[in-house]
Amino acid sequence: MSQMPNRHAGSAAEQAMLAAASLDYGWPLIEYFTTLVRESGSEDERKAFDYLRVQLDALGVPYHYYQPELYLSVPIAAHVELEGRSFHAKAQAFSANTPPLGLTGELIYVPADSPDDVQTFTDVGYGPGRYDVRGKIVLSDGLANPECCLDFEQRGALAQVYINPGQASHWGIATTVWGMPDLDSMGRIPNTPVLAINRPDGEALKARAAEGRTEVTVHSLSDQRWKHVPLIVAEIPGSEEPEKFVLAHGHLDSWGVGGGDNAVGNAAVLELARVFWQHRQHLRRSVRLAWWPGHSTGRYAGSTWYADTFALDLAENCIAQVNIDSPGCRGATAYTHISWMPETEAFCQAAIHDATGLPSDGERPHRAGDYSFNNIGISSFFMLLSSKPPEAVTAEGLYDVGGCGGNVEWHTEADDILVADREILLRDIKVYITSLGRVINADVYPFDFRAVAREFAATLESYQQAAGERFDFAAAQAEVEGLTADLESFYAAAKAAADSGDRAACARYNDAILRLARILVPINSGREGRFRHDPAAPIRPLPDLAPALRLPGLSADTNLSHFTIASLVRGQNRVIDAIRQARREVRLAQMA
């Protein structure tokens, strides 16, 4: 299989940018930011944005300063009372406030479906219907998975208390609403309190609940309202195609002072702005670098506002989006479980190896991390980057968290400057320079949709095995086979154009690659349709066809089985239509 050439890999311009990378600006930012509790809407957050403006002005980097109005929920205080004893807790963002004297109810312990789920950041399940939680306060394990929060509330729970896996309790977000609520999603804003407590206190409550009927009182207070907050986007124009750009971004707001999540990422984005501005004469296309508010207390509200406000520009011109969250953390010496879409995998692995000499492995992006651009159809890579190696995680007895390079200080008061590591951060910055620079300067965009077709084929095979004779995916499978063949000839022609230096042909293939992303990314990453936002919940590949996995557990003569088949018919129509559009784009690009 031919690989796209990249004459800019290892080029003098790339080497000059890598040599220029330093922490002369980034580390002072981390030192200052870790004196600020950067909750969105706070004075400390505004001070951090003001600091960025001073640095960008001093460097001469052009930028836009916005002040969008976002819907935010900032936890203030929480605790649980039992028979005169008070257990410290953390209200989760969008937890409902309790009355001044608290909310009292019977405590019921609901275990996770599997003991392994206790250690898992996402996809924790609790067996709907197995426990009657109506009018009760639920005590369960894990990190307040928002899907489970919604499920318990819909089943009548008064409140929920989650036992976090370690010695600390973690802040989190209790809603599946992505960004600002709209008329379709506002019903998923929690109406009940959701709290987190640490493992020792949770075990004490669990033991008391096991003795018989136990009443507890929960207290939860949050500041939930609309706030005007700062948002900065720097833009460094390219010299040949300035309208086309890569968007690299990270959240500025934090829980506590947020050293590992995400002062290190803010420093990385600032250093990218400095290096790319200094070497702007070497950039064929533009780069936008954004610092978002509202990530932690608005469920990615800042990036969602940007995706909504500039949706048409993004749809027309954005080549890729790159999330920069929690790089450069203590002990994060490996590149494992990195988020990337299939079309970007080979390119990312090559960039990481060339920048660090290390191997990497990745996975389908989680529905998290300011990936607010999926439904526009933008190829994406990275979220978290370097992480603690698996053997270190095992040796240190750690559990899975969503940032800080795998350090469990994540979303706690202990996430301070000691979580950051200068050497690892500089290495990660070089990964970003390498990968972003190669996209910006590529003759043909280095995204291989043959990998997407391979994933589609594997996904359809697994869904077909689950459905058995009850549903036939042959029509979709045939279209994927045709797409695979069309893409082989497309990439062979694109490689020939790049090898020959035919700039007009390269531009034509680049336009086609962007259109492929606009068509194929949405059907693989969402169900809500273009310019909408799916819930903050796990999304399986080709999600319109994922209901096939339910069929083995359903009797064929039930309503739910028939309804599932109806969904699959409609879902397969959507998938086939999209693949046919993609095939037309591929063929048209080769006809000119």
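The values are calculated or read from the model by the stated rules, or taken from the named source; none is laboratory data. Everything numeric here is computed off the predicted structure, so don't read it as measured data. Quick reminder, even Gly has a Cβ in these numbers, built from the backbone with ideal geometry, and neighbours come from all protein chains shown. Note: accessible area is taken over every heavy atom of the protein model, side chains too, but ligands, DNA and RNA are not part of it. Shrake-Rupley method; radii C 1.70, N 1.55, O 1.52, S 1.80 Å.
Applying the set (1) over 28 Å from ALA368 (Cβ atoms); (2) assigned to a helix (DSSP H, G or I) to LEU545 leaves exactly one unmet item: (1). Restricting attention to segment 352-396, the residues that are in a loop (DSSP other than H, G, I, E, B) and open to solvent by less than 10 Å² (accessible area, probe 1.4 Å) add up to 11. Being touching a helix residue (DSSP H, G or I) at 6+ places or on another chain (Cβ under 9 Å), in a loop (DSSP other than H, G, I, E, B) and among the β-branched types (Val, Ile, Thr) is not true of THR344. Every listed requirement among (1) over 22 Å from TRP171 (Cα atoms); (2) part of a loop (DSSP other than H, G, I, E, B); (3) modelled with pLDDT of 95 or more is met by THR104 save one, (2). Within segment 189-200, the residues that satisfy the criterion of being under 20 Å from CYS149 (Cα atoms) and surrounded by fewer than 20 Cβ atoms within 10 Å (Cβ to Cβ) are ILE189, ASN191, ARG199. Checked against the criterion of being assigned to a helix (DSSP H, G or I) and in contact with a helix residue (DSSP H, G or I) (Cβ under 7 Å, 6 or more places away or on another chain), segment 185-200 contains one or more residues that satisfy it. When ARG570, ARG574, ARG580, ARG508 are checked against the criterion of being open to solvent by 40 Å² or more (accessible area, probe 1.4 Å), touching a helix residue (DSSP H, G or I) at 6+ places or on another chain (Cβ under 9 Å) and without any contact (Cβ under 8 Å) to a residue 40 or more places away in the chain, ARG570 stands alone in meeting it. Flag not set for ALA414, criterion: in a helix (DSSP H, G or I) and more than 30 Å from ARG285 (Cα to Cα). Of all the numbered requirements in (1) touching a helix residue (DSSP H, G or I) at 6+ places or on another chain (Cβ under 8 Å); (2) among the acidic types (Asp, Glu); (3) not in a strand (DSSP E or B), GLU243 misses one, and that requirement is (3).
Going by the conditions given, is GLU461 over 21 Å from the mean Cα position of the chain (by Cα) and either surrounded by fewer than 17 Cβ atoms within 10 Å (Cβ to Cβ) or hydrophobic (A, V, I, L, M, F, W, C) (or both)? Considered against the rule, which asks whether it is over 21 Å from the mean Cα position of the chain (by Cα) and either surrounded by fewer than 17 Cβ atoms within 10 Å (Cβ to Cβ) or hydrophobic (A, V, I, L, M, F, W, C) (or both), GLU461 comes out as yes.
Residue count for segment 511-559, restricted to those that are closer than 25 Å to THR309 by Cβ, of a type in the set (Val, Ile, Thr) and open to solvent by 10 Å² or more (accessible area, probe 1.4 Å): 2. The lone criterion from (1) among the aliphatic types (A, V, I, L, M); (2) open to solvent by 20 Å² or more (accessible area, probe 1.4 Å); (3) part of a helix (DSSP H, G or I) left unmet by VAL408 is number (3). Residue count for segment 31-49, restricted to those that are in contact (Cβ under 8 Å) with a residue 40 or more places away in the chain and either under 30 Å from SER95 (Cα atoms) or in a loop (DSSP other than H, G, I, E, B) (or both): 13. The listed residues are SER222, SER239, SER254, and the only one of them that is in contact with a Phe, Trp or Tyr (Cβ under 9 Å, 6 or more places away or on another chain) and more than 27 Å from LEU425 (Cβ to Cβ) turns out to be SER222. Residues in segment 273-331 that are more than 24 Å from ILE376 (Cα to Cα), out of contact with any helix residue (DSSP H, G or I) (no Cβ under 6 Å at 6 or more places or on another chain) and open to solvent by less than 10 Å² (accessible area, probe 1.4 Å): ALA273, PHE276. Taking the criterion of being open to solvent by 70 Å² or more (accessible area, probe 1.4 Å) and under 21 Å from GLY135 (Cβ atoms), the residues of segment 82-98 that qualify are GLU83, ASN97. Within segment 262-282, residues that are closer than 23 Å to SER296 by Cβ sit with their Cβ atoms under 6 Å from residues that are open to solvent by 10 Å² or more (accessible area, probe 1.4 Å) and among the polar types (S, T, N, Q), at 6+ positions apart or across chains, in these pairs: ALA263/THR34.
Number of residues in segment 63-81 that are open to solvent by less than 50 Å² (accessible area, probe 1.4 Å) and not in a strand (DSSP E or B): the value is 1. Would you say SER22 is surrounded by fewer than 14 Cβ atoms within 10 Å (Cβ to Cβ), touching a residue at least 24 places away in the same chain (Cβ under 8 Å) and hydroxyl-bearing (Ser, Thr, Tyr)? Yes: the conditions hold for SER22. Just one of the listed residues (PRO365, PRO389) is more than 18 Å from the chain's Cα centre (by Cα) and not aliphatic (A, V, I, L, M), namely PRO389.
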